[in-house]
Amino acid sequence: MTVAFYGSLFLLSLLFSTIYMFTWHKHFDVNMTLVYTLVPIACLGYLFLGLSDTPKEAIIAVKITYLGGCFLQVFLLFTILRLCVIEIGRFLRIILFLVTCLHYASVLTIGYTDLFYKNLYFRMDGATRVLEKEYGWMHTAFYVTVCMFFTAELTVIIISWIKRRQVPRTIIHLMLIPDVIVILLYFMGSKITNKVDLIPLGYVIAQFIYLVIAYRLNLYNVSDTAIDSMIRERAIGYVSFDFKYKYLGSNETAKSIIPELTQLAVDEILGYRPGERRLRHFMDGFSRNQDDDLFMYVLKNEKEEDDKYYNVNVSFLSDGTKRRGYLVTFTDDTQNRKYINLLDSYNENLKREVEKKTQHIIEMHDNLIMSLAMMVESRDNSTGGHIKRTSEGVRILVDEIKREGTFSLTPEFCKDVIKAAPMHDLGKIAVDDAVLRKPGRFTPEEYEKMKKHAEEGAKVIHEILEHTDDESFKVIAENVAHYHHERWDGSGYPMGLKEEEIPVEARIMAVADVYDALVSKRVYKEAFDFAKADAIIMEGMGTQFDPRLKSVYENARPKLERYYKSM
């Protein structure tokens, strides 16, 4: 009878813990999880107690049962506090846990000292063996602590009922039931029967009630429930990075949108493949201006009508109140876009007219940018004609790259790099005339001011091209301005990027920019001859420049020399 009773409770506790495991959600409190871990252990101890034949076996079983008797109370209190949205200090939590550990330490002395039990023996009650115990003073202290825990739990529940309207009434009612039942069984169970201990029955009832609470919690936590629903329906993709652009993780939807994510390892720095470049661009824009958090991403397919459109939102990735990185979220906007396209099809003539006007605006826009670049150059008395010469230098290098196949560059990318080249020094518009027009070498302080033109150039271009439809050109133009003074060995500025961290368009721009500086006359030096300039460029391959551009430069050098001679 005793073994059957304890065995049934043990199996029920295992069943309830298994159900909890399959309903577990990340927002469940860890203390609730510990309750579902300890109850089967305590019930197993009671089963061993029913099976024990000697006092020595009974002592071991009792020690197992008190794993629940001691620790369940503190974890139940912490669970109730969490459910009632009541915070207690970390110091108090540690004190309560240490008191519980002290009680269990005294339990472990059973059979060796009189601290918890003075004696333990069997007696016969008819055909049933009953375990008799003589209690020590630590057992009395344990009962006092249990009463304090029960009192605290009831107080928290009552306060929540009276004052905390945000705690669901159903949850408060459910929490009260196991608390009252366990109290009654703790102190009155022996009056009901002295043949079996009814405390594990209270534990199993508490397990069942907290399963109902866990089920209700899934419904009350609206934000997590909504997020889970959207993820299951593959409506939203998300990917996260730290502030150094190290990849932290993404869901399957994001990987289907940005396939390059499947090749990224966790903690790997975001690279410069097409999809990664777009992600970097989204976060760059957001880091410069937190109001600039909405973008558009188009996933191209073989058939234009199968293109997918996504609204992209960038926000800070937070850990509590602390910002830890960036969260990029993709929301499918294809249906809205298709609806818009359907409406557009009814007015094709207007569309063509708009396209014509748009092309005219683009041309005006490009002319404005070029005029701005020429105006900036006119302020710098040391670099006359620099824009025109470096632009031609970039064209020559890009043509050679396409011929050699050194990099896998698309025709659109090559066109955009050449188009962006004149904009690389736009940031000089923010440099003081006293520095920019100085007829000689810069002091260290002046050089630091001049170095700011790279970052300022990226900001200027971002503002100018903010509403352009040509996102890829915008990214390339910003990168050319921002990173053309970075060096392959990481000693450049403004970010100290190195090797593959530097966008390829900026690496190409760097070669053309330095070559022009060497072979052109400046206020602080005469023009170097082609042989000396060539030696300096070749020496910089692998330190200042991408070593893969070495053969590109060598093959392009005759064309560069012919061009500069013609000037």
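The values are calculated or read from the model by the stated rules, or taken from the named source; none is laboratory data. From a predicted model like this one, the values you see are computed outputs, not experimental measurements. Every residue, glycine as well, gets a Cβ built from its backbone with ideal geometry; the counts of neighbours run over all protein chains shown. Note: accessible area is taken over every heavy atom of the protein model, side chains too, but ligands, DNA and RNA are not part of it. Shrake-Rupley method; radii C 1.70, N 1.55, O 1.52, S 1.80 Å.
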Flag for I181 being assigned to a helix (DSSP H, G or I) and either at pLDDT 75 or above or in contact with a Gly (Cβ under 8 Å, 6 or more places away or on another chain) (or both): yes
Per-region count, region 104-122, residues surrounded by fewer than 20 Cβ atoms within 10 Å (Cβ to Cβ), in contact (Cβ under 8 Å) with a residue 24 or more places away in the chain and assigned to a helix (DSSP H, G or I): 1
Residue in region 204-224 that is assigned to a helix (DSSP H, G or I), under 30 Å from R278 (Cβ atoms) and either modelled with pLDDT of 85 or more or not aromatic (F, W, Y) (or both) present: yes
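Rundown of residues vs (1) surrounded by 17 or more Cβ atoms within 10 Å (Cβ to Cβ); (2) within 38 Å of the chain's Cα centre (by Cα); (3) aromatic (F, W, Y), yes/no style:
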position: G7; (1), (2), (3): no, no, no
position: L11; (1), (2), (3): no, no, no
position: L34; (1), (2), (3): yes, yes, no
position: G45; (1), (2), (3): yes, no, no
position: L49; (1), (2), (3): yes, no, no
position: I80; (1), (2), (3): yes, yes, no
position: L83; (1), (2), (3): yes, yes, no
position: I86; (1), (2), (3): no, yes, no
position: L102; (1), (2), (3): no, no, no
Per-region count, region 155-164, residues touching a residue at least 12 places away in the same chain (Cβ under 8 Å) and in a helix (DSSP H, G or I): 4
R389 at pLDDT 70 or above, assigned to a helix (DSSP H, G or I) and open to solvent by 60 Å² or more (accessible area, probe 1.4 Å): no
The lone exception for V62 - which of (1) in contact (Cβ under 8 Å) with a residue 40 or more places away in the chain; (2) under 19 Å from L38 (Cα atoms); (3) open to solvent by 40 Å² or more (accessible area, probe 1.4 Å) it fails: (3)
Region 487-522: number of residues that are open to solvent by less than 10 Å² (accessible area, probe 1.4 Å) and either within 13 Å of F545 (Cβ to Cβ) or assigned to a helix (DSSP H, G or I) (or both): 10
Region 523-561, subset under 24 Å from G440 (Cβ atoms) and touching a residue at least 60 places away in the same chain (Cβ under 8 Å), residue surrounded by the fewest Cβ atoms within 10 Å (Cβ to Cβ): Y524
Number of the exception - T468 against (1) among the β-branched types (V, I, T); (2) in a helix (DSSP H, G or I); (3) over 21 Å from G496 (Cα atoms): (2)
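For every residue, the table says whether it meets (1) within 30 Å of S160 (Cα to Cα); (2) among the polar types (S, T, N, Q).
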residue: V30; (1), (2): yes, no
residue: S52; (1), (2): no, yes
residue: I95; (1), (2): yes, no
residue: Y104; (1), (2): no, no
Cβ-Cβ under 6 Å pairs, at least 6 apart or on other chains, region 132-154 side in a strand (DSSP E or B), far side not aliphatic (A, V, I, L, M): E132/Y121; E132/R123; K133/Y117; E134/K118; E134/N119
